[in-house]
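Chemist: I have a structure here, written as structure tokens, and I will follow up with some questions on it.
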Amino acid sequence: MRTLTLHFPDDALPTLNTFVKQTKEARVFRRAQAVRDVVTGQRLQTVSDTLHFTYSALRKWVYRFANQGVQGLVDRPRPGRPPKVTCELEQHLNRLVDQDPLEHGSLHSQWSCRELATVFAREAGVQLGRESVRCVLKKTR
């Protein structure tokens, strides 16, 4: 294994400590924690064994931090279709669930995912399948 020959700025450790305290995402927290251990002088192999990272993944995150700072540790945008259900639509669906289905013309006193999808499409103008409705509700409830 080659030795790592990177030079970090003098404020790298305080920057990482602050970033670790402020980050909310678990994956980014683990990355920052691992990079911080490397910056403090621990060997890559030791840190990767301790924190259960692959050696190559940890090396990549250390290089990204050295070149881009803490922004290099954050996930990059992923390709693909953007999600159909935005936060606003999720909130609208949750408000709809809290309402009485009878007020919306349902024949039943409890919502089904299929009926929620139908009423949601009528009110929000977004077609969702019952499975999509179920996934949104499962995530938030």
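Chemist: Would you list the P(r) distribution for the range 87-134, with all Cα-Cα distances sorted into 5 Å bins from 0 and each bin expressed as a whole %?
Modeler: Per 5 Å bin, starting at 0, the Cα pair percentages come out as 5, 23, 38, 24, 9, 1.
Chemist: Please give the residues of the range 123-141, grouped as numeric ranges, whose backbone N is less than 15 Å from a label point set 7 Å along the Cα-to-Cβ vector of residue 90.
Modeler: 132-141
Chemist: For the residue pair residue 103 and residue 6, what label-to-label distance in nm results when each label sits 7 Å from Cα along the Cα-to-beta-carbon direction?
Modeler: If labels sit at residue 103 and residue 6, their model points lie 5.5 nm apart.
Chemist: Estimate the FRET efficiency between residue 124 and residue 78 by the formula 1/(1 + (r/R0)^6), using the beta-carbon distance for r and 22 Å for R0, to the nearest 0.05.
Modeler: Values: r = 25 Å, r/R0 = 1.15.
Efficiency, rounded to the nearest 0.05: 0.30.
Chemist: Using the eigenvalues of the Cα gyration tensor, what equivalent ellipsoid semi-axes result for the chain when each is taken as the square root of five times the eigenvalue, whole Å, largest first? Each step should come with its number before you reach the end.
Modeler: Values: eigenvalues 463, 37, 35 Å².
After diagonalising the Cα gyration tensor, the semi-axes are 48, 14, 13 Å.
Chemist: OK, next. Quick check: residue separation of residue 131 and residue 57 times 0.36 nm, minus the Cα distance between them. What number comes out in nm?
Modeler: This chain segment gains 23.1 nm when fully extended.
Bear in mind these aren't lab numbers, they're just calculated from the coordinates by the rules spelled out. These figures come from a predicted structure and were not determined experimentally. Positions of Cβ are backbone-derived with ideal geometry, glycine not excepted, and every protein chain shown enters the neighbour counts.
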